[in-house]
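Everything below concerns the one structure shown next.
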Amino acid sequence: MLGEGILKGLAETARNFAGSFVSAERLTTVEYPEQRIVPIEATRDFPFLVYDGDDWEKGLRCVACQICEKECPPKCIYIVKSTDKKPDALGKMQIYPARFDIDISVCMSCQICVEVCPFEAIKMDTEFELATTDRFGGLLYDRQQLAKSNDHFHKIHPTEAAEVDARLAEEKVKADAKAKAAAAAAAAKAVAPAATPAAKRPEGETKP
Ligand code: SF4
Ligand code: SF4
C-alpha cells in the first residue's frame, strides 16, 4: 500500500514517545550537559598514549617505532625519535618519542594506529568534548596532551585493558627468564676458557 512505510514509522515514533513516559528503556535521551550517559566500552573517538606508573613521561609505553605513523591513512601522526634510551614497560632499554603529535582535526578515528602498535602503547579514548576556537594549534595534540594513565584505560575499556595487562605480565615473565638464562650462559662462558687448556692437553704430555 502506498505510504505504508511512512505509517509504520509514525506508529513506531508514537509508541516510543508514549512509552518513554513509563519505560526507562524507551527513554533514550538525557538532558545533556547536566545529565550524561556513560559511554559503552566499544566507544572510540581519538587515540591517546598509555603510560604506566605516576610519571607520564617516564612511563610512556611508546618506543617511537613509527609503525603507527607509517600506517595512519590520513598521515596525522608526527613522531621524532629520541637520541637516548629509557627502560620500556618490560624494563628493556628503548628509544622513546622525543616528539609525538596527532592532529585530531585530521584523525578519522579508524583505530589503525591501535591495531598496528606492537607495544600496547596507543589506545582509543572516549573523550568527545574537544571543541576549540583554535582550529590549528588547539587541535594539534602533543605527547603530554596525549598521555593518559593505564588507570584511565581501565576506566574506559576495562575488558581490553585487563587483557592487555595480562599479556604484558606474561611477556615480562618470559623476558625476565630469557635475561636470566642469558646471564647464566655468559657467566658459564666466562669460567670455561680457564678450564679448557688442561682438559685438552694430550695424554702423557707434560708442561714445558
Ligand atoms: S585513529 Fe586512524 S586516523 Fe586517527 S591517528 Fe589513528 S590511524 Fe590515524
Ligand atoms: S604508538 Fe606504538 S606503533 Fe606508534 S610509535 Fe609508539 S610504539 Fe610504535
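Throughout, read-outs are computed from the coordinates displayed, never taken from laboratory work. Treat the numbers as computed from the prediction; the structure is a model and nothing was measured. Note: ideal-geometry Cβ built from the backbone for every residue, glycine included; neighbour counts use all protein chains shown.
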Orphan Cys of the chain, criterion: no other Cys C-beta under 4.7 Å: 62, 65, 72, 76, 107, 110, 117
Between the range 136-186 and the range 78-130, the alpha-carbon center distance in angstrom: 11 Å
Most positive-pole-ward Cα, 153, 118, 104, against dipole of the range 47-164 from beta carbon charges: 118
So for 117, 110, 62, fewest C-beta neighbours within 10 Å to most, what's the order? 110, 117, 62
Enter the per residue convex hull volume of the chain, computed from alpha-carbon coordinates, in Å³ rounded to the nearest integer. 262 Å³
Leaving out same-chain residues fewer than 8 places away, which aspartates and glutamates sit with a Cα under 15 Å from that of residue 85? 57
The pairs in 58/189; 123/180; 123/178; 92/189 lying past 26 Å Cα-Cα in this model are 58/189; 123/180; 123/178
Can you give me the angle between helix 158-200 and the longest principal axis of the chain, using Cα atoms only, in degrees from 0 to 90, rounded to the nearest 10? 10 degrees
What's the Kirkwood radius of the range 52-125 in Å, using all Cα pairs? 12.8 Å
Among 138, 188, 7, whose Cα sits farthest toward the positive end of the charge dipole of the chain (+1 at Cβ of Lys/Arg, -1 at Cβ of Asp/Glu, about the Cα centre)? 188
Longest principal axis of the chain (C-alpha) makes with the long axis of helix 4-19 (C-alpha) an angle, in degrees to the nearest 10, of 80 degrees
When the chain is fully extended, how far beyond the present Cα-Cα distance does residue 162 get from residue 13, taking 0.36 nm per residue of separation? 49.6 nm
